[in-house]
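Below: one structure, written as structure tokens.
The values are calculated or read from the model by the stated rules, or taken from the named source; none is laboratory data. None of the values given here were measured: they were computed from a predicted structure. Reconstructed Cβ throughout: ideal geometry from the backbone, glycine too, with neighbour counts over all protein chains shown. Calculation scope for accessible area: heavy atoms of the full protein, side chains included, ligands and nucleic acids excluded. Shrake-Rupley method; radii C 1.70, N 1.55, O 1.52, S 1.80 Å.
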Amino acid sequence: MSTAAHSLTAKDIEFLGRPLYGFLSVAGGPTPPQPRPVWFEVTPEGTIQLFTPPDSVKVSRLRSDPRASIVVTAPVGERERWVSVAGHTTMSPDGAHDLLSRLAARYWDLDDEGRADDLTTMLADDWLRVVIEPETVSRYTM
């Protein structure tokens with residue numbers, strides 16, 4: 001395992017650019033933490049962003065304590081690999097619908113009428129964009 005505070009490497013960014021699930025944990029929650037699977041995206045600035053409903057439990061916890069971490073792993077059948085990013089978060093409705101649309105296209109086949117309808121339904125709701133500013137990045141590659 002290696003740790004490089006504050007930065008994602010080019011190999012990390014390539015890995016995180018795949019449609020993999022991230023497992024998000026937020027501070028201020030129950031002990032032990034209860035990670036939740038999320039869609040995510042790496043920004044050109046090297047932050048991690050995701051979207052969530054404004055009334056979700058994670059939002060109320062992040063308002064109390066803005067720290068979060070996300071762990072992304074390679075799927076079964078590939079060589080073992082993971083990247084973990086921990087840091088403080090910011091939340092805003094700005095860009096949330098655009099992010100949702102990009103991630104839906106990344107994770108779903110939007111030529112599938114059912115998935116396209118799911119996206120349309122989701123876009124009718126309110127969302128927040130959550131951005132994690134990396135303070136610690138850890139990784140493991142076998």
**Prompt:** Would you pick out the residues in the range 33-50 that are open to solvent by less than 30 Å² (accessible area, probe 1.4 Å) and aromatic (Phe, Trp, Tyr)?
**Reply:** Phe40
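Can you find even one residue in the range 61-80 that is of a type in the set (S, T, N, Q), farther than 30 Å from Met142 by Cβ and open to solvent by 20 Å² or more (accessible area, probe 1.4 Å)?
First, pick out the residues of the range 61-80 that are of a type in the set (S, T, N, Q): 64, 69, 73.
Filter once more, so that each one left must be farther than 30 Å from Met142 by Cβ: 64.
This time we only want the ones that are open to solvent by 20 Å² or more (accessible area, probe 1.4 Å), so: 64.
There is at least one residue in the range 61-80 that is of a type in the set (S, T, N, Q), farther than 30 Å from Met142 by Cβ and open to solvent by 20 Å² or more (accessible area, probe 1.4 Å).
Between Gly29, Gly77, which is touching a helix residue (DSSP H, G or I) at 6+ places or on another chain (Cβ under 7 Å) and part of a loop (DSSP other than H, G, I, E, B)?
Numbers: Gly77 fails: touching a helix residue (DSSP H, G or I) at 6+ places or on another chain (Cβ under 7 Å).
Sole residue among the options that is touching a helix residue (DSSP H, G or I) at 6+ places or on another chain (Cβ under 7 Å) and part of a loop (DSSP other than H, G, I, E, B): Gly29.
In the range 53-65, is there at least one residue being part of a strand (DSSP E or B) and either on the phi > 0 side of the Ramachandran plot or not basic (Lys, Arg) (or both)?
Taking the range 53-65 as the starting set, the residues that turn out to be part of a strand (DSSP E or B) are none.
No: the range 53-65 contains no residue that is part of a strand (DSSP E or B) and either on the phi > 0 side of the Ramachandran plot or not basic (Lys, Arg) (or both).
Only one of Asp117, Asp94, Asp55, Asp112 is open to solvent by 60 Å² or more (accessible area, probe 1.4 Å) and under 20 Å from Pro30 (Cβ atoms). Can you tell me which? Full working, then the answer.
Working: Asp117 fails: under 20 Å from Pro30 (Cβ atoms); Asp94 fails: under 20 Å from Pro30 (Cβ atoms); Asp112 fails: under 20 Å from Pro30 (Cβ atoms).
Step by step, each of Asp117, Asp94, Asp55, Asp112 is checked, and only Asp55 is open to solvent by 60 Å² or more (accessible area, probe 1.4 Å) and under 20 Å from Pro30 (Cβ atoms).
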**Asked** Mind checking which residues of the range 123-142 are of a type in the set (A, V, I, L, M) and open to solvent by less than 40 Å² (accessible area, probe 1.4 Å)?
**Response** Leu128, Val130, Val131, Ile132, Val137
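Among the residues of the range 1-26, what is the count of those that are in a loop (DSSP other than H, G, I, E, B) and of a type in the set (D, E, K, R)? First the steps, then the outcome.
So in the range 1-26, the residues in a loop (DSSP other than H, G, I, E, B) come out as 1, 4-9, 17-21.
Checking the rest, the ones that are also of a type in the set (D, E, K, R) come to 18.
Result for the range 1-26: 1.
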**Fill in**
Ala10 meets each of (1) open to solvent by less than 50 Å² (accessible area, probe 1.4 Å); (2) of a type in the set (A, V, I, L, M); (3) more than 12 Å from Val130 (Cα to Cα) with one exception, condition (1)
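Out of everything in the range 106-142 that is in contact (Cβ under 8 Å) with a residue 40 or more places away in the chain and of a type in the set (S, T, N, Q), what residue ends up being farthest from Gly95 (Cα to Cα)? Can you show your working first?
Let us first name the residues in the range 106-142 that are in contact (Cβ under 8 Å) with a residue 40 or more places away in the chain, namely 106-107, 125-142.
Right, trim to of a type in the set (S, T, N, Q) and you get 136, 138, 141.
On the way: Thr136: 25, Ser138: 28, Thr141: 33 Å.
Per the stated criteria, the residue is Thr141.
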**Item:** Residue list for the range 81-91, restricted to those being open to solvent by less than 50 Å² (accessible area, probe 1.4 Å) and hydrophobic (A, V, I, L, M, F, W, C)
**Value:** Val83, Val85, Ala86
